[in-house]
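In what follows, a single structure is set out as structure tokens and then discussed.
The values are calculated or read from the model by the stated rules, or taken from the named source; none is laboratory data. Fair warning: this is a prediction, and the values are worked out from it, not measured in the lab. Glycine also receives a Cβ, built like all others from the backbone with ideal geometry; neighbour counts cover every protein chain displayed. Heads up: the accessible areas ignore ligands, DNA and RNA and are worked out on the full protein's heavy atoms, side chains in. Shrake-Rupley method; radii C 1.70, N 1.55, O 1.52, S 1.80 Å.
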Amino acid sequence: MTASVTAARPPSDITKRSLPASLIIHALLIAASLLMLYPLLWMVSASVRPENEIFSSTSLIPSSIDLSSYVRGWNGLDISFGRFFWNSLVISLLVVTGNVIACSLTAFAFARLRFAGRNFWFAIMLGTLMIPYHVTLIPQYVLFLDLGWVNTILPLVVPKFLASDAFFIFLMVQFFRGIPRELDEAAMMDGCSAWRIYWKIMLPLSLPVLATAAIFSFIWTWDDFFGPLIYLNDMNTYTIQLGLRTFVDSTSASDWGGLFAMSTLTLVPVFFFFLFFQRLLIEGIATTGMKR
């Protein structure tokens, strides 16, 4: 009995000794988190400050609440800022749809189907990851200009339905290769075609990687400034990033209050989209192991 009690003490002693270290680590992590969140919190605080107090204080607590920046930012331009929100939402959802469908189909072909030159074309696809976007920008612009697509959302959306994002293809190929081939063989013995295997087996088991592709596609498209700047010239087609740029004018006074207010609002869709797909991602990971 004495020996067992003595043997049980070391874990307790170790726990007591590790408690101060754990508290210190958590305190440092909380401090680092607050430090990283400070610019975001300051932007939110600046959006409700009076215009003359925005750059006069670094405090997160405004002296008074003034919501006129939100009204001015939403209706202060020739076009309502809601139009920019709608344009960005349409483009982002179309890009998410295109990437999830086209990239998953391409990844399924590379991971599961056997065809001539499969390894060669897969290597070519990976090679495109090493090409900077700016190298292909001019040829793409000339192509879209000849097609009459400039000043429309087509150059930003159509390539996504042609599996142009090699990163997501590679990500999905690696995930598909981890799914046992015995499932495919059993389905083929039951008379399933390749399309039915993709639709009924691969996609339900690939929920985590599909959610990951959807999250990154939406965030990258929603935050994209360079692409819309190149292809969109009409203010009616502007995305939110181009709309935010209109609040800053190097030749006259800039509306900083409206800029911070609209910047705060632009974070809301990304936040909720990430929360929704994060739950979906966790559920997919939890159920994938049982499905396999």
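Things to note:
- Residue satisfying all of: in the range 165-183; in a loop (DSSP other than H, G, I, E, B) and either free of Cβ contacts under 8 Å to residues at least 60 places away in the same chain or touching a helix residue (DSSP H, G or I) at 6+ places or on another chain (Cβ under 8 Å) (or both); surrounded by the fewest Cβ atoms within 10 Å (Cβ to Cβ) among these: Gly178
- Filter pass, Met188 being touching a helix residue (DSSP H, G or I) at 6+ places or on another chain (Cβ under 9 Å) and over 22 Å from Gly98 (Cβ atoms): yes
- Applying the criterion of being closer than 12 Å to Cys103 by Cβ and not hydrophobic (A, V, I, L, M, F, W, C) to the residues of the range 195-217, the residue that is surrounded by the most Cβ atoms within 10 Å (Cβ to Cβ) is Ser206.
- Hey, Met43 farther than 30 Å from Trp256 by Cβ and assigned to a helix (DSSP H, G or I) or not: no
- Of all residues in the range 198-221, those satisfying the criterion of being outside any loop (DSSP other than H, G, I, E, B) and touching a Phe, Trp or Tyr at 6+ places or on another chain (Cβ under 8 Å) are Tyr198, Met202, Pro208, Val209, Ala211, Ala213, Ala214, Ile215, Phe216, Ser217, Phe218, Ile219.
- Looking only at the range 46-65, residues that are of a type in the set (D, E, K, R) and farther than 19 Å from Gly258 by Cβ come to 0 in all.
- Restricted to the range 66-87, and to residues there that are among the hydrophobic types (A, V, I, L, M, F, W, C) and more than 14 Å from Phe260 (Cβ to Cβ), the residue that is modelled with the lowest pLDDT is Leu77.
- Qualifying residues in the range 78-114 (those that are in a loop (DSSP other than H, G, I, E, B) and closer than 29 Å to Asn151 by Cβ) - the one most open to solvent (accessible area, probe 1.4 Å): Asp78
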